[in-house]
Amino acid sequence: MKLKFRELRMDARVLRKEMKIGVPGALQACAYGVTNVVIQASVNSFGTDTAAGWAAYGKLDMIFWTVSSALGAAVTTFAGQNYGAGKMDRVYKSIRVNVVISYIFTGVIIVILFVFCEPLYHMFTTDPKVIGIGVYMLRFLIPSYLLSVLLENLSGSSVLTNQTKQALYNLLDKLDTAQYTGISDAQDSFLLAQNRLQISTGQTADFSQSIAALQTEYDGIKAQLDTLQTVTATTNGYFSRTEASPAIRTDCRALADADPATLQKMLADGFPAADTNRAGQIATGFSWKFYAVCDLDTAARFDGLSTVKISVPGKQNTPLSATVEEITEDKDNGIAKIVLQCQTISAEVLGLGCETVQVDLKTYEGIRIDKAALHIVNGQRGVYVKYGNLQRFLKITTLYENDSYILVPEDGKLGSANEVRLYDEIIVQGTNLEDGKLL
């Protein structure tokens with residue numbers, strides 16, 4: 001094992017996640033110090049006796065805050081461990097128990113400080129005026145400890161809030177980057193985190209109405225099941241009920257025989273509505289076809305391809321393999337007919353009708369680089385990367401490229417045709433860039 005300092009770098013994605021939590025946490029920590037400075041400046045304006053009384057009060061006040069902070073840190077650790085283990089009942093119980101323990105300790109501290117505040121102040125000063133001011137401050141402020149107990153414990157259990165935010169960010173990221181295959185899982189994770197937070201904070205406590213509604217729904221479904229009649233079909237296949245079947249009726253032969261212009265007109269005019277006076281439909285095979293009309297430039301992208309991936313965002317999110325069965329061009333009208341055949345059937349597919357689909361002609365996996373970072377040096381395409389306080393030019397091999405980004409292999413190695421590796425800090429914009437030059 002050899003440590004190379006020039007290859008040490010930060011992971012930008014991990015850093016962003018840390019900043020989302022760290023920056024608010026740092027601001028919260030700074031707020032305590034800044035508030036103390038403001039309060040101290042105000043107290044000083046009342047004279048030296050008040051300032052001295054406040055200083056002594058701060059020493060006695062630390063008795064409460066030391067105990068409260070320790071209990072708050074304890075519940076943070078306990079709640080975090082049990083949340084990670086999925087034991088939410090123990091998370092809620094730990095918060096409730098810790099609040100009770102905190103109030104017991106706080107009650108004892110309040111009684112001691114309230115009753116014995118004058119003898120305690122004698123440990124710091126013998127000036128009766130300073131002691132009088134300090135006693136007034138202490139007895140006026142210590143009742144607020146009761147509220148501080150809740151704040152300390154609930155802020156310690158804020159792991160639930162952070163988990164909810166992170167789940168929401170993850171869901172929004174899936175939507176923003178069109179990662180449709182992961183939207184369902186991200187949505188479930190967000191709803192689960194949100195439900196945990198609502199139960200923990202008491203926003204949702206009484207479930208009697210929800211239980212009653214579910215029971216009513218259950219009774220209705222059970223009543224329907226008890227009166228069901230047996231329907232016997234004359235053939236075997238994949239059954240789907242009417243509500244989950246396509247809302248349109250199509251003629252497979254007419255679609256197959258249609259030329260590009262005719263198919264375009266059929267799609268524009270729409271298809272007749274499907275018959276709803278039936279229990280459902282049975283698909284006797286696993287093969288289905290997708291018919292579409294596109295321009296000639298789009299059709300040209302299918303040249304040389306025998307298979308593609310097809311998906312329907314929001315309905316059939318998982319891409320399915322499909323065979324390119326037909327490409328018929330109509331050069332006079334500048335359009336083409338495309339027919340794709342798929343051999344995979346599912347409940348989602350059986351419900352498809354006239355849809356907008358996503359067709360992946362080819363799939364690439366690699367490192368995505370902003371197109372603005374591309375430079376050509378001595379005829380070689382590459383990017384500049386930050387190594388410490390140096391800039392280095394690394395060669396790249398292009399897998400895929402469009403107007404926005406470049407995709408390069410992720411197995412980069414220095415000295416090869418592709419030198420960029422995962423987590424390299426690529427310089428997207430800059431002037432006077434030169435290999436080996438100081439930044």
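Quick notes on this one:
Yes or no, residue by residue, for (1) closer than 26 Å to residue 303 by Cα; (2) of a type outside the set (D, E, K, R):
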{"site": "343", "(1), (2)": "yes, yes"}
{"site": "347", "(1), (2)": "no, yes"}
{"site": "353", "(1), (2)": "no, yes"}
{"site": "360", "(1), (2)": "yes, no"}
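- Just so you know, in the stretch 388-425 the residues that are aliphatic (A, V, I, L, M) and buried (at least 19 other Cβ atoms within 10 Å of the Cβ) include one that is nearest to residue 377 (Cα to Cα), and it is 394.
- Subset tally (residues that are without any contact (Cβ under 8 Å) to a residue 24 or more places away in the chain and not in a loop (DSSP other than H, G, I, E, B)) for the stretch 398-420: 1
- Restricting the stretch 343-373 to residues that are under 30 Å from residue 238 (Cβ atoms), among the acidic types (Asp, Glu) and not in a strand (DSSP E or B), the residue that is modelled with the lowest pLDDT: 348
- Here residue 325 clears all of (1) assigned to a strand (DSSP E or B); (2) touching a residue at least 40 places away in the same chain (Cβ under 8 Å) except the condition numbered (2).
- Residue ID - surrounded by the most Cβ atoms within 10 Å (Cβ to Cβ), chosen from residues in the stretch 112-135 that are touching a residue at least 24 places away in the same chain (Cβ under 8 Å) and closer than 24 Å to residue 67 by Cβ: 134
- Number of the exception - residue 299 against (1) in a strand (DSSP E or B); (2) in contact (Cβ under 8 Å) with a residue 24 or more places away in the chain; (3) buried (at least 18 other Cβ atoms within 10 Å of the Cβ); (4) more than 31 Å from the chain's Cα centre (by Cα): (1)
- Within the stretch 252-262, considering residues that are in contact with a helix residue (DSSP H, G or I) (Cβ under 9 Å, 6 or more places away or on another chain), free of Cβ contacts under 8 Å to residues at least 60 places away in the same chain and hydrophobic (A, V, I, L, M, F, W, C), the one surrounded by the most Cβ atoms within 10 Å (Cβ to Cβ): 255
- Residue in the stretch 241-259 that is in contact with a Lys or Arg (Cβ under 8 Å, 6 or more places away or on another chain), within 30 Å of residue 336 (Cα to Cα) and among the charged types (D, E, K, R) present: yes
- Sub-9 Å Cβ pairs linking a first residue in the stretch 263-280 that is within 17 Å of residue 335 (Cα to Cα) and basic (Lys, Arg) to a second residue that is surrounded by 11 or more Cβ atoms within 10 Å (Cβ to Cβ) and modelled with pLDDT of 90 or more, at least 6 apart or interchain, are 265/258, ordered by first then second residue.
- No other residue among 135, 99, 108 is in a helix (DSSP H, G or I) and touching a Leu at 6+ places or on another chain (Cβ under 8 Å) apart from 99.
- Of the residues in the stretch 278-296, not one is in contact with a Phe, Trp or Tyr (Cβ under 8 Å, 6 or more places away or on another chain), in a strand (DSSP E or B), of a type in the set (Val, Ile, Thr) and within 28 Å of residue 175 (Cβ to Cβ).
- Some residue of the stretch 317-329 being surrounded by fewer than 16 Cβ atoms within 10 Å (Cβ to Cβ), modelled with pLDDT under 90 and touching a Pro at 6+ places or on another chain (Cβ under 6 Å): no
- Scan of the stretch 237-264 for residues that are touching a strand residue (DSSP E or B) at 6+ places or on another chain (Cβ under 7 Å), hydroxyl-bearing (Ser, Thr, Tyr) and not in a strand (DSSP E or B), ordered by number: 242, 245
The values are calculated or read from the model by the stated rules, or taken from the named source; none is laboratory data. Predicted, not measured: the structure shown is a model, and the values here were computed from it. Counting neighbours? That spans all protein chains shown, and the Cβs are built from the backbone with ideal geometry, glycine included.
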